[in-house]
Structure formats: C-alpha cells, structure tokens
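Written out below as structure tokens is the structure these notes cover.
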Amino acid sequence: MSTRTPAPVPTLSEERTPSRHGWVQALAAVLTGLGAMVLVAGLGLWAAGAGDLPDGAFPRVVAATVVTAVGGSVGLTGDAGDLAETAGGLTVMPLSVTLVGALVMGAGFLRPLRHRAVAGARELAGWAARVAVLWLLGLTGLAFAARQTFAVSLGDGTLGDIGDLLGASPRIGFTTDVPPTLLAGLLWLAAVLALALLVSRGAPLPARLLRFQESVRPAAYAMVVLLLVFVGLGIVIGLVVAVTRGQPAQSLALVLLGMPNLVWLALTTGLGATWEGRVEGPFGLPMPHVLDDVLRTPDTATLNLNTLSGYDGKVWWLLVVDAVLLPAAAFLMAARSPARMRAWQHAVHMAVALALTVLVICLLGRISAHYGLSVLGIGDLGGNLSGSLFLRARMWGALGLALLWGLVTGFLGALLARRVHRRGEVGNR
C-alpha cells in the first residue's frame, strides 16, 4: 500500500515571475558558446600541427572547424588553370567541438530560466529567438572567415615536369557555402536548446507540456549521461595512452577534435552494429591504427566486433562496457521516473531513447572526404595528390539492435530501481 504525494502546483505569482533573459544575457550565452568552440578547435588544431600552415591560415582553419562542428557546409576548392582539373569534397563533424558548444550553449540558455516552475510558450520562444538571432550573426562571421587557398607542389616526377612546362600552378583550399551553413547552424541550435529543456529537471516548461516531462525527461537525461560517460572514459584512455606510449600531441588533438567520433562509434559497435568504409591515399582517420588497417582495403570494408577482433581481441571489451553502462543508464532513468511507472513502460522508454541516440550517432558520425588533381589527364585525379575516405553505419541494423538492447536493459533497470525511493510514492511497494 502506498501514499502518493501530489506534485507541487505552481502559484500564479510563480507563473508570472519575470525571468531576466534579455539581449545582454543572450549575447553572453552566444559569445560564451562560440568562444568555447573556438578555444577547443584552436587547441586541437594546434596540437595536430595546423599552427604551421602557410599564409596565416590557422585562424581560418579554426573558423572552418567550428563551422563544420555545427553541421555547416565547407567544401574543398581547387584552381589549377585551364589545362588541369581538380575535384574534392568533405563531410565530417569534429564532435568534440560540437559537444563543448552544445554543453555551453545549453547551460547559457537555461541559466536565466532557473528557479522557475512554469514558463509560457511565448516567453520561451522569445528568449530562444534572441539567442538565435545573435547566434546567426556570429556564425555568419565565422562562415565568411572560413576561406583559404594553398599552393600545391606537383612534385619532381612527370606530372611536375608537365606542370612547369605549361605553367600550371595548382592551388587547393576550402570555402564555406553560407546559406546552407546558416540553416544547419540554426537547426543545430534548435536541437541543443530543445535538448537542454528536456534534460534539465529544473528547467521550466509551458503548462501544456508538463504532462510529457515524466516520460521524456528521465530518458533524455539518461542518454546524455551515457554519452558523456563514454566521452569521459575515452579521455581517460587517451591520456593514459599519451603518457605510456608517447605522441602526446596526437592524443591531445584526438581528444580535442574527435573523441566523441571514436567513443560513440565504439558504443554502437559494442551493441553489435556494423559500419562500413574505406581509406585510400594520404587521408587518415583520427582513430586507432587498428581501424585504419581494417579500412585500408581495395574494396569497401566492414567494421564490427568480428572484423576488429581479427586485428585485436581486446575489442570484445566494447561488448562488456555496453553490457555494464546500458543497464546503469536504464537504472538512472527508472530512478528519476515516477514510481507508478511499470517495468514494461521503462523498457519501451529506454528502447525508444536508445534508438534515437544511435540514430543521431549514425548521422553525426559519418565521414566522407575526397580530393584529386590531374594535368592534361595525367594523374587521373590520382597519385600523391589524391585520396578518399568514407565511414558510414548500416543504419537499420544498428537501430534494430538498439531497440533490442533498450528493451532488455530498460526492463532490467526498472527491476534494479524498485527499491529506490522515487518521486510520487512513499512507504512500501
């Protein structure tokens, strides 16, 4: 027998209490978020050796990195004259920069709303609009700054001799397509602000949405904690590797630019998901050598527990890590949920939340890059001046496995949380 404690009902004075979230607060939130992203991107690129780029290109490369971190469109460009041909493209998100920006922007958005029980939809929309306007202005500046070209030597072989004879002086670089970048940046910001409202238990919601917070907020919070725990483990492992095996600059660059790219791929691989890809030419992945070895094949390679274990048997620990952390996340979700929820409801919530999380990882973790140069058809976009890489998940298989893992671990987490005191019920259960 249990006694249910009614949820506190906000008073009229609480609902009408004005929040201090004007233009100054919006400017502070945007500048802090952009500043954090620029700092992380700059340190990561410096550790990767980008500080030695010619023509003072380092600040522009930093700007391009921040642009790609929010889904912006940065394309490779080339100019080799009338007698030469270039081709290139790049799709990658440095998720370390993305994650830092999301955390800082989310915290800045929520800060003026703290200590509130309820906020009207118009109030929240107005506050988000102020942040969005200033965010778009800052992103526009970065997009126009993210442009640079570099001269490329054709080498000492036949291609170089022909280039010298014909006066072909190739230049390669990058540029930003501003309209798609602003659209992607706006969608990224909207997702960050919405997720911040979902994750934070103390963030105010419009009265009409309060009924959804009991089912959505615990699951969203558990997934964010799960992702952050994986990143934390990756950082610890990266620092240990840097100390014990040398190459601290390379490890630091990986931590500051692509650690979530690696550990979130490991999360899905531990679930049993399969990725496929290929690496060709001078391109490389900011990942352990075992992944580069697996993907450097003439044909498209598959990347999963079976293929990776052929190179290093320790990859089976990914399965163990998932088997420990997913029930822990499900337990956290259940412990933050009302006690009246049944185990099967927790299982469904966990399955949906994990499937959505894996979907986001599969979309954000894709990598695609290629570049090539030919002069009078010689080279055929090949040789040392070309390369390509891609990495993508087999989406439907990954989502199916996420649903299965979510159902099992969600049910288990609900059973583990039965003896934990939760909101809405006291006494014996």
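The values are calculated or read from the model by the stated rules, or taken from the named source; none is laboratory data. Model, not experiment: these values are computed from the prediction. No Cβ is skipped: glycine too gets one built from the backbone with ideal geometry, and neighbour counts run over all protein chains shown. These area figures cover heavy atoms from the full protein model, side chains too; ligands, DNA and RNA do not enter into them. Shrake-Rupley method; radii C 1.70, N 1.55, O 1.52, S 1.80 Å.
Rolling a 1.4 Å probe over the protein heavy atoms leaves residue 311 with an accessible area of roughly 130 Å².
How much length, in nm to one decimal, is gained on full extension between residue 395 and residue 328, taken as 0.36 nm per residue of separation minus their Cα-Cα distance? Walk me through the numbers before you get to the answer.
Values: separation 67, 0.36 × 67 = 24.12 nm, distance 2.49 nm.
So the extension gain works out to 21.6 nm.
For the range 387-415 versus the range 213-260, the inter-centroid distance based on Cα atoms is 19 Å. Measuring r between the beta carbons of residue 249 and residue 53 and using R0 = 22 Å, the FRET efficiency lands at 0.90. Using the Cβ-Cβ distance between residue 43 and residue 419 with R0 set to 30 Å, the FRET efficiency from 1/(1 + (r/R0)^6) comes to roughly 0.10.
Which length gain, in nm to one decimal place, applies between residue 147 and residue 91 when the Cα-Cα distance is subtracted from 0.36 nm times their residue separation? Please report the intermediate quantities before stating the final value.
Values: separation 56, 0.36 × 56 = 20.16 nm, distance 1.60 nm.
Roughly 18.6 nm would be gained on extension.
Taken along the Cα-to-beta-carbon direction at a fixed 7 Å, the label points for residue 190 and residue 27 span 2.7 nm.
A crude spin-label estimate for the pair residue 111 and residue 213, with each label 7 Å from Cα along the Cβ direction, gives 2.2 nm.
Per-residue packing, averaged as other Cβ atoms within 10 Å, sorts the ranges 398-411, 125-138 into the order 398-411, 125-138, beginning with the highest.
Subtracting the Cα-Cα distance from 0.36 nm times the residue separation, let me have the gained length for residue 183 to residue 228 in nm, one decimal.
Details: separation 45, 0.36 × 45 = 16.20 nm, distance 2.68 nm.
So the extension gain works out to 13.5 nm.
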